[in-house]
1. Would you pick out the residues in the range 40-92 that are of a type in the set (A, V, I, L, M) and within 30 Å of LYS236 (Cβ to Cβ)?
2. Return only the number of the condition from (1) over 19 Å from the mean Cα position of the chain (by Cα); (2) within 30 Å of LYS80 (Cβ to Cβ) that SER213 does not satisfy.
3. Please enumerate the residues belonging to the range 221-231 that are open to solvent by 40 Å² or more (accessible area, probe 1.4 Å) and not charged (D, E, K, R).
4. Scan the range 1-20 for residues that are open to solvent by less than 10 Å² (accessible area, probe 1.4 Å) and β-branched (Val, Ile, Thr) and jot them down.
5. Return only the number of the condition from (1) open to solvent by 30 Å² or more (accessible area, probe 1.4 Å); (2) free of Cβ contacts under 8 Å to residues at least 24 places away in the same chain that MET164 does not satisfy.
6. Here is a check on your reading of the model: is PRO225 part of a loop (DSSP other than H, G, I, E, B) and at negative phi?
7. Name the one entry in ASN193, ASN218 that is at pLDDT below 90, of a type outside the set (Lys, Arg), open to solvent by 30 Å² or more (accessible area, probe 1.4 Å) and in contact with a Lys or Arg (Cβ under 7 Å, 6 or more places away or on another chain).
Amino acid sequence: MGKTIVFANQKGGVGKTTSAVNVAAAIGFKGKRVLLVDLDPQGNTSSGVGINKKNMKLSTYDVLIGRCSAESCIVETEYKNLSIMPSNISLAGAEFDLTKPEIEDRYHRLKNALTLIKDNYDYIFIDCPPSLGILTINALTASDGVIVPMQCEFYSLEGLSQLMLSIKTCKRLYNPKLELLGILITMYNGRLNLSMQVMDELKKYYAGKLFKSTILRNVRLSEAPSYGMPIIYYDKHCKGAEAYLAVADEILERI
């Protein structure tokens, strides 16, 4: 049975979607069967692997409200061993629909759907919206581990403690097996004093959970999504591709 890993951070603009897309593509490139679940109504994960959101027939919204099975929603991408459960703006309605009184399993919808297809993949990666709402709780409930992408900034450090509290609460209430897999530093600039100070704080409190690889600011990494391509297919030899391949190796070692 495959392992399910969620990329979560309630703060936007921290490289969460970029990390989900590129880690999933890198692990698929290494020969593992990978499913990428887009659980963000913005649908950037879907467009990041070349899915045209306008032509989408079924999405994660349809899966969550029980309109279709996870299997019928999944689309194979053109990239090696990589499939996706795509998303578009309709998913925003799930935040309302799943709170209706008649919905009893509102926090287990995604878990129940993925359980039926989990044996088909080695890894399932979930990209969440930048919030701690019902969609993110569904993702945490369905997952074995959490990867937290974050920048070396004060607000990101401040928000990390809140996210850790949310993970502990979800573990206690809905998913006892949930664990923090690691903290991934993105958009890192080692020349800034603030970056080094935040990194020192992280090493002090989360030394065993920090990924050894950090994602540096990289122009090619910023360009790749506009072409609907993961970085290892857009420019395999750039620093961004090398960094995400290294992160993929670490994930394979940790699980």
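1. Going through the range 40-92, the residues of a type in the set (A, V, I, L, M) turn out to be 49, 51, 56, 58, 63-65, 70, 74-75, 82, 84-85, 89, 91-92.
The answer is VAL49, ILE51, MET56, ILE74, VAL75, LEU82, ILE84, MET85.
2. Against the list (1) over 19 Å from the mean Cα position of the chain (by Cα); (2) within 30 Å of LYS80 (Cβ to Cβ), SER213 comes up short only on (1).
3. Filtering the range 221-231 down to residues open to solvent by 40 Å² or more (accessible area, probe 1.4 Å) leaves 222-223, 225-227, 229.
Hits for the range 221-231 are SER222, PRO225, SER226, TYR227, MET229.
4. Of the range 1-20, the ones open to solvent by less than 10 Å² (accessible area, probe 1.4 Å) are 2, 4-8, 14, 19-20.
Across the range 1-20, the qualifying residues are THR4, ILE5, VAL6, VAL14.
5. Tallying (1) open to solvent by 30 Å² or more (accessible area, probe 1.4 Å); (2) free of Cβ contacts under 8 Å to residues at least 24 places away in the same chain, MET164 fails exactly one: (1).
6. Details: part of a loop (DSSP other than H, G, I, E, B): no; at negative phi: yes.
Here the answer is no, as PRO225 does not meet what is asked.
7. On the way: ASN193 fails: in contact with a Lys or Arg (Cβ under 7 Å, 6 or more places away or on another chain).
Answer to the selection: ASN218.
Residue-by-condition table, conditions (1) under 21 Å from the mean Cα position of the chain (by Cα); (2) in contact (Cβ under 8 Å) with a residue 40 or more places away in the chain:
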{"position": "LEU184", "(1), (2)": "yes, yes"}
{"position": "SER195", "(1), (2)": "no, yes"}
{"position": "MET199", "(1), (2)": "no, yes"}
{"position": "ASN218", "(1), (2)": "yes, no"}
{"position": "GLU223", "(1), (2)": "yes, no"}
{"position": "GLY228", "(1), (2)": "yes, yes"}
{"position": "GLU250", "(1), (2)": "yes, yes"}
{"position": "GLU253", "(1), (2)": "yes, no"}
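The values are calculated or read from the model by the stated rules, or taken from the named source; none is laboratory data. Here the structure is a predicted model, which means the values were calculated and not measured. Cβ sites come from the backbone with ideal geometry, for glycine too, and all protein chains shown count toward neighbours. Note: areas computed on protein heavy atoms with side chains; ligands, DNA, RNA excluded. Shrake-Rupley method; radii C 1.70, N 1.55, O 1.52, S 1.80 Å.
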